[in-house]
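Below: one structure, written as structure tokens.
The values are calculated or read from the model by the stated rules, or taken from the named source; none is laboratory data. Here the structure is a predicted model, which means the values were calculated and not measured. Here the Cβ is made from the backbone with ideal geometry for all residues, glycine too, and neighbour counts use every protein chain on show. These accessible areas exclude ligands, DNA and RNA; they are computed on the full protein's heavy atoms, side chains included. Shrake-Rupley method; radii C 1.70, N 1.55, O 1.52, S 1.80 Å.
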Amino acid sequence: MSHPLAPDWLHQPADANALSVALWPANVSRNASGEVEIGGVSVSQIARQVGTPVYVVDGGDLDNRAKAVRDALSPPFAAHGMAVTCYYATKALLSADIVKLVMAHGFGADVSTMGELRWALAAGMNPHHIEFLGNNKSVPEIRAAVEAGVGTIVVDSIQEIARVNDVATTLGVSQEVAIRVNTGVHASTHEYLATAREDQKFGIARSDLDSAAEHIAGASNLTLIGLHSHIGSQIFVADGFVEAAKRLLVDYARLQQHHPLRMLNLGGGFGIPYTEADPVVDLHALATELADAVVATSQELGIALPDIAFEPGRSVVGPSGVTLYEVGTTKQVAVSTDSGDATRLYVSVDGGMSDNLRAALYHADYTPIIASRVSNESPALVRVVGKHCESGDIVVDAGYLPADVTPGDLVLVAATGAYCHSLASNYNVVGRPALVIAQGGEIHTSLRAETLEDIMGRDVGLGLGGTPGEKT
Ligand SMILES: *Cc1c(COP(=O)(O)O)cnc(C)c1O
């Protein structure tokens, strides 16, 4: 029987200690004493060594996953002779180790700011394998990208075309560009919406594409090589991608008559499970459906097959990362519902919306477990909350933990590898947690924890030695 405050999708587990295979990284398991290990390192050891909260990436799992994403996306297109480039979306999670790992599996990088660009370059990413996107790139950002020799700049407005050309002309280089297209397709998790012109800031409307292509053709130092679309995020089915690809191909075929187009970038957005209610995407099946649609549409239009690009972020790093917290307080809160009174067990942990904004920002759901021990108590409906001064400071809105969850327990939250560290803040003057990679019985710090000195050092008035820096 479900708890009256439990959402419909949430089912009470038979065993609150169990680790669902679909949700947890491959090398997360309970050891003989009932404690969870990640990559062979127990959570208590991680907590002792680096403290909590901490982001922990299962290094072996990430390695396999990055390879699996490539192996799912490329072959269905390669089977028809189409080359596939995968750009890892650095905004999902960025550190030198992550960049090196995805590079080792043949990924380039998708960046959208000066910071992401410089970080990817500093980590050793080949500039030719970098794609620079964004709806409002500054001139210094464009200059840095062109100067570095990035492979493609995806232009997002007509105004930007002249800006990129001015920079390329000043630097005396020729720059390949693609156009981000507002296809009017927007995919939500299980369906896509196709409106006449989607009401959002990204891309150039299909009706303005010819004009944009003319601007690029008329620009002395630019070459138009392709069209780009990114239809959303956390998508589980192929239909939105297929519809966007068909629309892009119609435009591609028409523009190709006058422009040297060769590439179709279909973006990222492949969904991952955050809870038992989310499906696991069969990425190979999705890519196969998409490849078949690209082939069929290209044949109908009588054009040669394009090269294909993708920009996965979440599906590469999301499921491989978890966050480890320590419980500080628990509280039974009486709640009256239509069907009578109920209590919700609030479990406060030592992080919160500063290390995982997604629940507050998107009402995202997550799955917690007690990682430091097993319990024979029956599962209790809990809300895992943080330590911030907001009632919306929620990490897991609804989940089940053993009813005896208590201060000092270590709680692990699944699937926090993407968009948790990258969206982290210093709210309430809390430092962003470390990110460690656990593998082969050892942990390796990829990003150290942010210290109070890091944060307070920005306050020039405190005279702590910080100097007014250069704005990025
Ligand atoms: C965010 C983003 C991605 C990555 O999306 P995921 O959902 O992480 O796969 C790819 N392309 C663009 C343009 C994006 O903005």
- Entirely in segment 359-472, the strands (runs of 3 or more DSSP E) that have 3 or more residues that are modelled with pLDDT of 95 or more, under 21 Å from residue 92 (Cα atoms) and in contact with a His (Cβ under 7 Å, 6 or more places away or on another chain): 434-439
- Which listed residue is more than 16 Å from the ligand (Cβ to nearest atom), closer than 19 Å to residue 76 by Cα, among the aliphatic types (A, V, I, L, M) and crowded, with 19+ Cβ neighbours inside 10 Å, from 295, 322, 242, 281: 242
- Query: Can you name the residue in segment 205-231 that is within 16 Å of the ligand (Cβ to nearest atom) and touching an Asp or Glu at 6+ places or on another chain (Cβ under 8 Å) and is also most open to solvent (accessible area, probe 1.4 Å) among such residues?
  - Reply: 230
- Query: Out of segment 298-311, which residues are within 16 Å of the ligand (Cβ to nearest atom) and either without any contact (Cβ under 8 Å) to a residue 60 or more places away in the chain or touching a Cys at 6+ places or on another chain (Cβ under 7 Å) (or both)?
  - Reply: 310
- Message: Among the residues that make up segment 245-256, is at least one of them out of contact with any Leu (no Cβ under 7 Å at 6 or more places or on another chain), touching a residue at least 40 places away in the same chain (Cβ under 8 Å) and open to solvent by less than 10 Å² (accessible area, probe 1.4 Å)?
- Response: no
- Message: Need a quick list: strands (runs of 3 or more DSSP E) entirely within segment 1-67 having at least 3 residues that are more than 16 Å from residue 401 (Cβ to Cβ) and of a type in the set (A, V, I, L, M).
- Response: 54-58
- Message: Checking residue 314 against (1) away from the ligand (no atom under 16 Å from the Cβ); (2) open to solvent by 10 Å² or more (accessible area, probe 1.4 Å); (3) touching a Gly at 6+ places or on another chain (Cβ under 9 Å): exactly one of these is not met. Which one?
- Response: (1)
- In segment 73-96, how many residues are open to solvent by 10 Å² or more (accessible area, probe 1.4 Å) and not in a loop (DSSP other than H, G, I, E, B)? 8
- Considering only residues of segment 152-204 that are more than 16 Å from the ligand (Cβ to nearest atom) and of a type in the set (Val, Ile, Thr), which is surrounded by the fewest Cβ atoms within 10 Å (Cβ to Cβ)? 195
